[in-house]
């Protein structure tokens, strides 16, 4: 739970590990995001698309990256203002995902303090399969 | 404009140029939290996680389309808190289709934008979703 004045460029967010991500997680995420695209729970579809396994939803990785930020913020009063994610590679059922982030910029104006974060999601082999950034606003 | 691009544009306009209104239901928010392995300790009137917005205005069943699609990216700007019990109207529109030449023919980057308003008409969230499509 960081106070704005205690946050410094280079600070790392406590990593968030999730996994192994099972079929159960994938189907629960279909329900959560209200999108049952069959690729994420039917390996026959993945095979037809010549994929090596059933892919984890990109939006699940995005939500985990959001959870990483939310847990870091705790009850600090910081508010997520912007959140951008770019999907760079596959993560497959059975993989363990680890979301990480660090502070890249801090600024302050009259109304609020602003912290910019670099975020990413790694597969078990360390490949960054999603990268992104976020801005958190703190009341002045 | 090629015939394939014209067809894709029509398909994407039908998909994205829509407005949908739905309530922020407690059960849906709990499903979201449970899927994230978070305690579902939330009640009526509580603020929902900002990224819960990604679950609104979705179509539940896959929409038939030609070719293959993968998500390229998502962008959100959160302007005001959303609470359980709010009613959100999402107005989406197809913003752009960019053509990129791939090894096996053209690849299309489809960009759609969404504006999320609450029951008081206040904009609570802006969204840009990007997907790659090919084999059209």
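A short reminder: the numbers here are calculations on the coordinates, not readings from a lab. Bear in mind the structure is a predicted one, so any value in this text is a computation, not a measurement. As a convention, Cβ positions derive from the backbone with ideal geometry for all residues, glycine included, and neighbour counts pool all protein chains shown.
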Given the rule -39500 (n - 2.57) for each run of at least 4 DSSP H residues, summed and divided by the residues of chain A, what is its mean residue ellipticity at 222 nm, to the nearest 500 deg cm²/dmol?
-7000 deg cm²/dmol
Here the relative contact order (percent) of chain B, from C-alpha pairs under 8 Å and at least 6 apart, is 29 percent
Can you bin every Cα-Cα distance in region A:1-135 into 10 Å intervals starting at zero and give me the percent of pairs per bin, rounded to whole numbers?
12, 40, 29, 14, 5, 0
Extension gain (nm, one decimal) between residue A:42 and residue A:12, 0.36 nm per residue minus Cα-Cα:
7.1 nm
If you take all C-alpha pairs in region B:3-134, what percent of them are over 22 Å apart?
43 percent
Helix A:23-33 against the longest principal axis of chain A: what's the angle in degrees, Cα atoms only, rounded to the nearest 10?
60 degrees
Rounded to 10°, Cα long-axis angle of helix B:26-35 versus longest principal axis of chain B
70 degrees
Among A:62, B:107, B:1, which comes first, second and so on when ranked by fewest other beta-carbon atoms within 10 Å?
B:1, B:107, A:62
Among A:51, A:64, A:97, the residue with the largest mean-square fluctuation in a Gaussian network model of chain A built from Cα contacts under 10 Å is A:51
With contacts defined as alpha carbon pairs under 8 Å and 6 or more residues apart, what's the relative contact order of chain A in percent?
30 percent
Angle check, please: helix A:58-73 long axis (alpha carbons) against the longest principal axis of chain A (alpha carbons), in degrees 0 to 90, nearest 10.
30 degrees
Chain B, Gaussian network, Cα under 10 Å: of B:12, B:36, B:126, the residue fluctuating most is B:36
Between region B:64-136 and region A:1-40, the alpha-carbon center distance in angstrom
20 Å
